[in-house]
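These notes concern the structure reproduced below.
Just so it is clear, none of the values below were taken in a lab; they were calculated from the coordinates. Values in this document were obtained by computation on a predicted structure and should not be read as measured data.
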Amino acid sequence: MRFSFIYSPKRCPICDVQLLHRGRVCHSCKKKIRISRLSRENRCEVCFFPRIGKGCGYCASRNIFFDSHRSLYPLNRSWHSVLNRWKFENDRYLHQLFLPALFRLAAREKKSFDRIGYIASGKSGWKNRPYQPCRDIGRIFAEKQGLPCTADLRKKKNTKQSQKSYSDRFLDIHDSLEAAGSILPAKSYLLIEDVFTTGATANEAARILKKSGVFSVTVWSMLHREDLDSCRVRPGDGIGYDSGYGLTGKEESGKY
């Protein structure tokens, strides 16, 4: 097991060039990171997916249980390298790359929260790394707000969704999360997550939280993957009977 996360890196985690200063990334990659921040322009105020035409096809085609979602950066090639090292190679310090943009988002959104939480990994996650990636980010942000950061939810089963179709991601996510304990009611809850792809995990988490007495759920994701069909869903494409788990009839039958 690697323990390099204890120390500051000597090489840039993005381009792998040797660092000649005490920063965590090289100057070139730092500039690229700043430029790659996601803009709110022409995005839905709820799901944060790009709008295509009038209205939001993503929100119109399913039940949305979270009230608002924002992402910091797109999951491009550079950020994909960071994500792999952060989650799977024990480079724990890489969570610090997201903090400046996270605090800028908080200043821009001007929202107040009663509780801040994250989804804890399953058993296999603990075997692969001795820490919870989103906990570090949530804890630092929560301390600034004078709030605790808790793992109110945890993964119940290990469902690898990377190779699944768009609709299968929503169907498979049901019953894959569970409450880690007794969830206290809250007026405004902030959920911190690493990657927002189809929104299936965030939506299921929000459903459980609201079922447990949370009134409003905001999701802030560090990275946003936008290379799936979810970006191209148009209003009316999936309108059908409501399955109750964020899907409509068309998507359940595979016609989406």
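Note on the stretch 57-141: the alpha carbon radius of gyration divided by the globular reference 2.2 N^0.38 Å gives 1.25.
Seen from a random direction on average, the alpha-carbon convex hull of the stretch 24-78 projects onto 5.1 square nanometres.
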